[in-house]
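The values are calculated or read from the model by the stated rules, or taken from the named source; none is laboratory data. Values in this document were obtained by computation on a predicted structure and should not be read as measured data. All Cβ positions, even for glycine, are placed from backbone atoms using ideal geometry, and neighbour counts span all protein chains on display. Only protein heavy atoms, including side chains, enter the accessible area calculation; ligands, DNA and RNA are left aside. Shrake-Rupley method; radii C 1.70, N 1.55, O 1.52, S 1.80 Å.
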Amino acid sequence: MTIRNWMKFFIRALLLGGGITGLVGLIVRWEFFSSYLSSGEIFQFIGALLWMIFLGFTMSVIAQMGFFAYLTIHQFGVNLFRTLTLWNWVQVLLIVVVLFDLVFFRFRLTSGDTGRTVLYMVLLAILVGTAAVTAWFKAQWTKKHILISALFFMIVITTLEWLPALMVRSGEVDTWVTIMLFPLIAVNAYQLLALPKYNRKSDEDKARLDARKAERRKQKAANVK
């Protein structure tokens, strides 16, 4: 990918993460934001919203780091297990392990808190459902065998990026777990689906650049003659 296209890719993912976090933050923490509006503290409201957006920028950067780390892991996995089929089975196993770990260890669900259990099950359904839809589109737009790798990235890598929120033990842990999931899902889905377009643009830019260089060489050769 060329630097120009990478910058476009990076900035759009950054804005997506910031926008999604700002929107979800407004919805999930509406009582907090509405207190500023009801008291006429507009600048405090804007400041709190900007802080939420900058948090989204941070989540976007984390997601992008995770994406490029996964590209390396994927290539390493294919080389280690020699065949894509075996590597896909390993990825399926890891997906199952991560989902089991989420439900039985990370979520820390209790039978006496039905509301919290419902919230976390909904979040899990959003994660898995979005992963399945994104992986299906990725397989349709590229190659069928990409399906498992896309699922692995959307579930396993997103969960790893989500872990810091899941490990928080403050009184508002459920709020931040909810807020931080959505920018990670959105940015990761965007990266997975948009990367081929930017690679194609980069190839086209390189082809045009090579054509211009070849044309200049021809002109120089003609001038010499």
What is the spin-label model distance, in nm, from M121 to F137 if the labels are put 7 Å beyond Cα along the C-beta direction?
-> 2.8 nm
Surface share of carbon and sulfur [accessible, 1.4 angstrom probe, percent] for region 103-225 | 63 percent
What percentage of all Cα-Cα pairs in the chain are separated by more than 21 Å?
-> 64 percent
Computed accessible area, T58, all protein chains, 1.4 angstrom probe, square angstrom | 70 Å²
Say R0 is 22 Å: what FRET efficiency, to the nearest 0.05, do Q75 and F104 get from their beta-carbon distance?
-> 0.10
Dividing the helical contributions, -39500 (n - 2.57) per DSSP H run of n ≥ 4, by the residues of the chain yields a 222 nm value, nearest 500 deg cm²/dmol, of -29500 deg cm²/dmol
Between L15 and F43, how many nm apart are label points set 7 Å from Cα along the C-beta direction?
-> 2.8 nm
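Can you name the helices of the chain, as whole DSSP H runs, whose Cα span along the helix axis is 24 Å or more and whose Kyte-Doolittle mean is not below 1.6?
Answer set is 84-101.
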With every protein chain kept in place and a 1.4 Å probe, the residues M121, M59 fall, from largest accessible area down, as M121, M59
Charge dipole of the chain built from unit charges on the beta carbon (Lys, Arg +1; Asp, Glu -1), centred at mean Cα; most positive-end Cα among I20, L166, V103 is I20
Hey, with R₀ at 41 Å, roughly what FRET efficiency would I27 and T83 work out to, going by the Cβ-Cβ distance, to 0.05?
-> 0.35
To the nearest 0.05, the calculated FRET efficiency linking D203 and M65 through their beta-carbon distance, R0 being 30 Å, is 0.75
